[in-house]
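Reading through the structure tokens given below for one structure.
What follows draws every value from the coordinates through simple rules; no lab data is involved. If you're wondering where the values come from, they're calculated on a predicted model, not measured in any experiment. All Cβ positions, even for glycine, are placed from backbone atoms using ideal geometry, and neighbour counts span all protein chains on display.
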Amino acid sequence: MAESSTRKVSRIRNDRISVLPGNILEIILCFLPIRDAVRTSILSRNWRHCWTTVPNLVFNESIISPNLFDFSVFHRQALKALQFVSVINKVLHLHNGPILKFSLSFPEFHCNAQIIHDYIDMWIPLLSRKGIKHLTLVDSLPEVFREHNFSSLKLTHLRLANFQFPYTPAFGGLTYLRNLELIEVTTSEQSIFDCPVLEKLTLIACKELSHTNFRAPNLKCLHQHYREVILEYSLAGLENIAEYSLRLSEDPIPQPETPNVVNVLILTSYCFVLFVSKYLDGGGSPNRLSKLLPCLKTLSIFDIDLTSFSEISCLLCLIRSAPNLCKLRISADVVDEEITHKDNWEEDFEDCTVGHLQIVTFSHFQGLKAELELVKFLLAHSPLLKTMFIHLDSFVTKDIAFEIAEEMLEFSRVSSRAQIKYLKCPFDAVDYGPWVNRLNIYADE
């Protein structure tokens, strides 16, 4: 028994975690909330200053105490904001190394945002000296949009939600930016922002901003989500784009004498109908776009009605116009399951070969005739197809799922490697990331 106790004491004294290299400890601490990372300083002398070199700092409402109910609403808002910035000030004062990532999400309720904005202006010079590269600022309940001057920061990644775009051409400040994500961001004036190395741009609910406001010759990925957009929407300068999406929450606004509106890639069903309808009087939608999109590798289609011949035509037009398309993601919305265009698939689209298509993903698949015709068409016209992923809608029973699988097994496949696999969870055609989803954009719709 004595020996056993001795070995036990020896194991306790042998602290394997504390003797790990400093860079490994930093990685471990980066996975902890900042409040817990700071608390590790009480573990031992070796741990006292470990957290002070963590390069990623994330601050949110969890760092402050919720017990402020004994004060009036006005004082509670101010005290909550002051407590919030006080904790951040202490962490920044004691931090002893570079800060590569800094993320700040404002408390959601009963907080004076003006106070926090004032402190952000004071933190910017410090973050510049610390070598900040990734910056995230989220104002959950904006009352006054504030503009901050980030010209001293050599950022490569900037995320802003409910802010005023903090840049004017006179300041500079976007020279090193590679990834820019903006949600419900405003701008004081319509300017052209130079972003020479920008590769990914995400604009969500930014009424006064579009991709045309950014001069970005190296842009490879563009995601946009608006409440509404007028039909004279332009894709000028996006010939080299590799991934693109446009999603609308309301019907687009028709404009007289709309120019080449067919130059739209990823749309909801009602936008398909509107931009196609302009061409129907002239004999239908074009076979392909006037200018091909050779760099487009991923195409996502939202809520397309596969019983609508005009929308099917547009889908094939886009496929023909992207000769190097590798991934196709479709979320269909079949309006009338009794209507199919089997003859049209076989006759009008027989010449459409998707030469480089490798991955196809269907979300909320119901197994209706129109959907099965599209599956059959893609299997027969995609010589390099590797995998077709299908997520069945929640109301599809096991018996129906079995019938769907049996029918698809009979479809001919031009690719000998083509497989059909089933997904348990739906695949969102555009994943904006968890930080966007938490903001609950358009929750009232």
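Between residue 24 and residue 359, the contour length at 0.36 nm per residue exceeds the Cα-Cα span by 116.9 nm.
Put simply, when 418-426, 355-363 are sorted by average Cβ atoms within 10 angstrom per residue, most first, you get 355-363, 418-426. Computed packing ranks the peptides 306-317, 214-225, 35-46 as 306-317, 214-225, 35-46, most packed first, by mean other Cβ atoms within 10 Å.
For each pair in 130/220; 154/200; 297/369; 90/130; 200/421, compute the distance between the two Cα atoms and list the pairs where it is over 19 Å. Intermediate values should be presented prior to the final figure.
On the way: 130/220 29 Å; 154/200 17 Å; 297/369 28 Å; 90/130 16 Å; 200/421 30 Å.
Distance filter (> 19 Å) returns 130/220; 297/369; 200/421.
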